[in-house]
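Coordinate-derived values only; no laboratory data. Because the structure is a prediction, the values reported are computed rather than measured. Here the Cβ is made from the backbone with ideal geometry for all residues, glycine too, and neighbour counts use every protein chain on show.
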Amino acid sequence: MGSGVADGLTTLALSILNAGGRPQDHAWLQVGNEVILVGDAAKTFVEGNSLVENKANQAVYKIVAALGVIAEKERMPSQYEAVIWLPLPLTEMNTKDEIAAKLTQTAQNFRFRGMAQQVRVSLKFCPEGFGLYLNRKAQLDATGVPIDQRRTFILMMGHRNLSVLCFEQGSLKSAKSNSDGPGFWPVFERVARSCGVTPADYPALMAALSTGKTTQVSQAKGELYDFAAAVEAVRQAYWKAARIYLQDNLLGQLSDGTADIIISGGAAFIMRQTIKTYFDGLRMADQVIFADGKQEKLDELVNELPESTDMPSMVMRMSDCYGLFQGLVSKYSEVLA
């Protein structure tokens, strides 16, 4: 399901939707008299890009829509309980009470694609990147190595922000963690404009960055166009900002050379080779683990999705939430055992 949310609509908006197809492709909610379109269904009504919005502003509708998709696909009853672990950047943790209150209220009575639902929500907030730590812990447990005897850094290179999380002795060290690093999208947008790329061609430029195929169909020009110059400019500008952030917030903590560095996020996929070269130059290549490596089960799940063809970074971008999901399943399996 896409990231767009269009709220404050009336039932007139539903006339443009396709009632068939996958529910995640045509997701809409009705809360009271308000209609909310989520994901691809919202594209017609959303101006700009949702990446520039604070996650908390639209998180509730995305969560409720996801619950609706699951309920429809699994043919669940109209009343059920949902246990949710929700990741947030450290800089947005101050919104968790607002999200929890609105989610609890909204989930109590809504319609998803016309189907009435009443959901009792049990909600836990986790720092963005914690799922990667849980996944690494499971990998080490399988080899008999306890993770609490190692220092682990999670580097989340997202489109919205860049985070460094430090784990020592099995717990997050907030004083050594930070989530206010440069996001890829603001840099992308600024540099794209300076290179003469219009918003209509942002998807084409992003595809060029993600796939390495710089020649893409330009909607603005109505023909094939080589975005190589803009691709290089975006890469250089983002890496300049990211490198300064890493120098200030990560390198000083790596002096003993014993920590694991787990790297994820959509920007990490785009900048993978640059990141490898950077840590290789610091003689830390053996400590770096990209989150989409050794993810056989997640690979299988993603490969079944038709959108994976157009989004090669999907495994990298889903790995954090997948790790949280595995942790949630493991916890409840222990309770039920």
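Note on the chain: GNM, Cα springs under 10 Å; of 17, 134, 162, the largest mean-square fluctuation is that of 17. Under a model in which nothing but the beta-carbon of Lys, Arg (+1) and Asp, Glu (-1) is charged, segment 5-127 shows a dipole of about 320 debye around its Cα centre. Antiparallel beta bridges, as assigned by DSSP with both residues in the chain, represent about 60 percent of the total such bridges.
The distance from the alpha carbon centre of segment 133-180 to that of segment 208-255 is 26 Å, rounded to a whole number. Shape analysis of segment 5-127 places it in the oblate category; the axes a ≥ b ≥ c from the Cα gyration tensor give an a/c of at least 1.5, with a/b not above b/c.
For residue 67, the shell of other residues with beta-carbons less than 13 Å away shows a net charge of +2, using +1 for Lys and Arg and -1 for Asp and Glu.
Charge tally for residue 225 (other residues, Cβ to Cβ under 14 Å; Lys, Arg +1; Asp, Glu -1): -1.
When the helices of the chain are scored as -39500 (n - 2.57) per DSSP H run of n ≥ 4 and the total is divided over every residue, the value at 222 nm lands at -12500 deg cm²/dmol. Projecting the Cα positions of 80, 278, 319 onto the charge dipole of the chain (unit charges on Cβ atoms of Lys, Arg, Asp and Glu, taken about the Cα centre) puts 278 furthest along the positive direction. Across 82, 65, 241, mean-square fluctuation computed from a Gaussian network of the chain (C-alpha pairs under 10 Å connected) peaks at 82.
Ranking request for peptides 262-271, 30-39, 183-192, 99-108: highest mean number of other beta-carbon atoms within 10 Å first, then the rest in descending order.
Highest to lowest by the protection proxy: 262-271, 183-192, 30-39, 99-108.
Most simply put, segment 5-127 has about 55% antiparallel DSSP beta bridges, counting only bridges with both residues inside it. Taking the Cα centre of the chain as origin and assigning +1 to Lys and Arg Cβ atoms and -1 to Asp and Glu Cβ atoms, the resulting dipole is close to 260 debye.
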